[in-house]
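The block underneath contains the structure these notes are about, expressed in C-alpha cells.
What follows draws every value from the coordinates through simple rules; no lab data is involved. This one's a predicted model, so the numbers in the text were calculated from it and none came from an experiment. Glycine also receives a Cβ, built like all others from the backbone with ideal geometry; neighbour counts cover every protein chain displayed.
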Amino acid sequence: MDFGRFSRMGERGFTLERLFNTREGFSAKDDTLPKRFTDEEQIPGNAKTKVPLGKILPAYYKLRGWDANGIPTPRTIRKLDLKDLI
C-alpha cells in the first residue's frame, strides 16, 4: 500500500464518521476543543496562544472538503466513493 492510498483511507474514515454523526443529529456546534485550549493561554501571559477555534474550523472544514456547516460536500462524497451511504 502506498502513502496516497493510506491517506485516502483515512480521509474516507473521517468523512464517513462525519456523515454518521450528521445523520445522528450532531452538527458543527458540537465541534470544539477542551476549554484549556480555547480559554486558557498556552503560554501564560501571551493571549495569542489561545486557540482561535472560530477561525480555525472553517479552514479545517475546507481542507476536509466539507461545507461551512461541517457537512461533507457532494463532491467529496463522490470523490471518496461514499455516495451509496447517503
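For TRP66, what residues show an amide H to amide H distance below 5 Å, using hydrogens built from the backbone and excluding near sequence neighbours?
THR73
Take the chain, compute every pairwise Cα distance, and split them into 5 Å bins from 0; I just need the percent in each bin.
Percent of pairs per bin, in order: 3, 13, 20, 19, 16, 12, 9, 6, 2, 0, 0.
Given a Förster distance of 41 Å, report the FRET efficiency between LEU85 and LYS55 from their Cβ-Cβ distance, rounded to the nearest 0.05.
Values: r = 31 Å, r/R0 = 0.75.
Efficiency at R0 = 41 Å is approximately 0.85.
About the Cα centre of the range 3-85, what is the dipole size in debye to 20, counting +1 per Lys and Arg Cβ and -1 per Asp and Glu Cβ, all else neutral? It would help to have the intermediate numbers written out before the result.
Numbers: 17 positive and 11 negative charges, 74 e Å.
With Lys and Arg at +1 and Asp and Glu at -1, about 360 debye.
What distance in nm separates the simple spin-label points at MET9 and SER27, each placed 7 Å from Cα in the Cβ direction?
3.5 nm
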